[in-house]
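Asker: Okay, here's the structure, questions in a sec.
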Amino acid sequence: MSIFTKESKFVLLERHKGYAVIRLNRPERKNGIVQEMEIALSYYLDTLANDDTIKLVVITGTGEYYTSGADIIGSFGSDERSSEKNDVEKIRKRVEPFKNLVNSFIRFPKPIIAAVNGPAIGMGVTTLPLCDVVYAAADSTFMTPFSKIAMIPEACSSYTFPIIMGYSMANEMLLFNRKITAEEAYRFGLISRIFPKETFMTEVEKKVEEFLDNPAKCLEFGKKLIRDRDREKLHKINEEEVEQLVERLQSEDTVTQAIKFLEERQRIKRERARKARL
């Protein structure tokens, strides 16, 4: 049985007239996502799916980041991951909430608007194609540094990214860790609009108010027509990617790369602290 409840102080649910905002709320860790947040996100999406007072959902972050992706230390810890690398069932249980979250995105019947308020990394980027509209602040960046930690594409990005931006650009991002700007993300079709950082949420709220004028069933039926042909395929791809994720989490090179990644992050933090003291 999970030690986590279905809710989390790191994921806030704000209800407004006609819509809800799900806010990643861990700014001290750049909204890095740990297991309890995955569980809370799934719970809120599944709950809002059946709430007739809600026409659409906005997902955004608190602070400067949208999300820095999965928190490697918070989710596993380098020592714990190393000791568990051969325990397949433990690893499978660890990734189950992530698989469930992706499935919640896939089956969600109402429009999801991703309001990317700052840098997005890892699953913060790969889940964007599972949303229906993506807005980004002008200073946002997008990066999926999977091979840096010996990981693989997830959240169905192995399927959605090539469709959206073509194989070459998808491979640069998913295999070779390319970071792109908001302008590039717009050109590649990953996002639909860019708003100034200073007025970002105000602009998003204006668009939401426009959308709320549309009948709820019209929005749901329209999304159903657009999404249904891919839903079964996406669930299958999610299963396949998670199986590969389980395999990767058992591998020696994943542990080695994760340690290198964390050491480099600590080095950068020390260097920033040193410069701040000058």
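Asker: Those residues that are of a type outside the set (A, V, I, L, M, F, W, C) and more than 19 Å from Asp132 (Cβ to Cβ), I need them from segment 178-204; list them, please.
Answerer: Arg178, Lys179, Thr181, Glu183, Glu184, Arg187, Pro196, Lys197, Glu198, Thr199, Thr202
Asker: Continuing with the same structure: Every residue in segment 32-65 that is among the polar types (S, T, N, Q) and touching a residue at least 60 places away in the same chain (Cβ under 8 Å), please.
Answerer: Result: Gln35, Ser42, Thr60.
Asker: Of the residues that make up segment 170-177, is at least one out of contact with any Phe, Trp or Tyr (no Cβ under 8 Å at 6 or more places or on another chain), within 24 Å of Asp51 (Cα to Cα) and part of a helix (DSSP H, G or I)?
Answerer: No, segment 170-177 has no match at all.
Asker: Still on this structure, I have one more. Exactly one of (1) farther than 22 Å from Pro153 by Cα; (2) surrounded by 12 or more Cβ atoms within 10 Å (Cβ to Cβ); (3) of a type in the set (A, V, I, L, M, F, W, C) is unmet by Ala273. Its number?
Answerer: Of the numbered conditions (1) farther than 22 Å from Pro153 by Cα; (2) surrounded by 12 or more Cβ atoms within 10 Å (Cβ to Cβ); (3) of a type in the set (A, V, I, L, M, F, W, C), the odd one out for Ala273 is (2).
Asker: Just checking, which of Lys30, Lys55, Lys110 is of a type in the set (Lys, Arg), open to solvent by less than 20 Å² (accessible area, probe 1.4 Å) and modelled with pLDDT of 95 or more?
Answerer: None of the others qualify; the one that does is Lys110.
Asker: If a residue must be open to solvent by 70 Å² or more (accessible area, probe 1.4 Å), more than 21 Å from the chain's Cα centre (by Cα) and over 27 Å from Leu48 (Cα atoms), how many such residues does segment 184-222 contain?
Answerer: Count: 1.
Asker: Name, by its number, the condition in (1) touching a strand residue (DSSP E or B) at 6+ places or on another chain (Cβ under 6 Å); (2) open to solvent by 30 Å² or more (accessible area, probe 1.4 Å); (3) small (Gly, Ala, Ser) that does not hold for Ala120.
Answerer: Only one criterion in (1) touching a strand residue (DSSP E or B) at 6+ places or on another chain (Cβ under 6 Å); (2) open to solvent by 30 Å² or more (accessible area, probe 1.4 Å); (3) small (Gly, Ala, Ser) is unmet by Ala120, namely (2).
Asker: Just one of (1) modelled with pLDDT under 95; (2) open to solvent by less than 50 Å² (accessible area, probe 1.4 Å) trips up Tyr44, so point out which.
Answerer: (1)
Asker: With the condition kept exactly as written, say whether any residue in segment 242-259 is without any contact (Cβ under 8 Å) to a residue 60 or more places away in the chain, within 27 Å of Asn100 (Cα to Cα) and acidic (Asp, Glu).
Answerer: Scanning segment 242-259 turns up at least one residue that is without any contact (Cβ under 8 Å) to a residue 60 or more places away in the chain, within 27 Å of Asn100 (Cα to Cα) and acidic (Asp, Glu).
Asker: Test Ile149 against the stated conditions and say whether it is open to solvent by 10 Å² or more (accessible area, probe 1.4 Å), over 17 Å from Phe195 (Cα atoms), β-branched (Val, Ile, Thr) and out of contact with any Pro (no Cβ under 9 Å at 6 or more places or on another chain).
Answerer: yes
Asker: Hey, among the residues in segment 83-137 that are hydroxyl-bearing (Ser, Thr, Tyr) and outside any loop (DSSP other than H, G, I, E, B), which one's farthest from Lys233 (Cα to Cα)?
Answerer: Restricting to residues being hydroxyl-bearing (Ser, Thr, Tyr) and outside any loop (DSSP other than H, G, I, E, B), the top hit is Ser83.
Asker: Check Ile39 against each of (1) farther than 21 Å from Lys207 by Cβ; (2) open to solvent by 60 Å² or more (accessible area, probe 1.4 Å) and name the one condition it does not meet.
Answerer: So Ile39 meets the others, but not (2).
The values are calculated or read from the model by the stated rules, or taken from the named source; none is laboratory data. Note that the structure is predicted; figures quoted are calculated from it, not measured. Counting neighbours? That spans all protein chains shown, and the Cβs are built from the backbone with ideal geometry, glycine included. Ligands, DNA and RNA are excluded from the accessible area calculation, which covers all protein heavy atoms including side chains. Shrake-Rupley method; radii C 1.70, N 1.55, O 1.52, S 1.80 Å.
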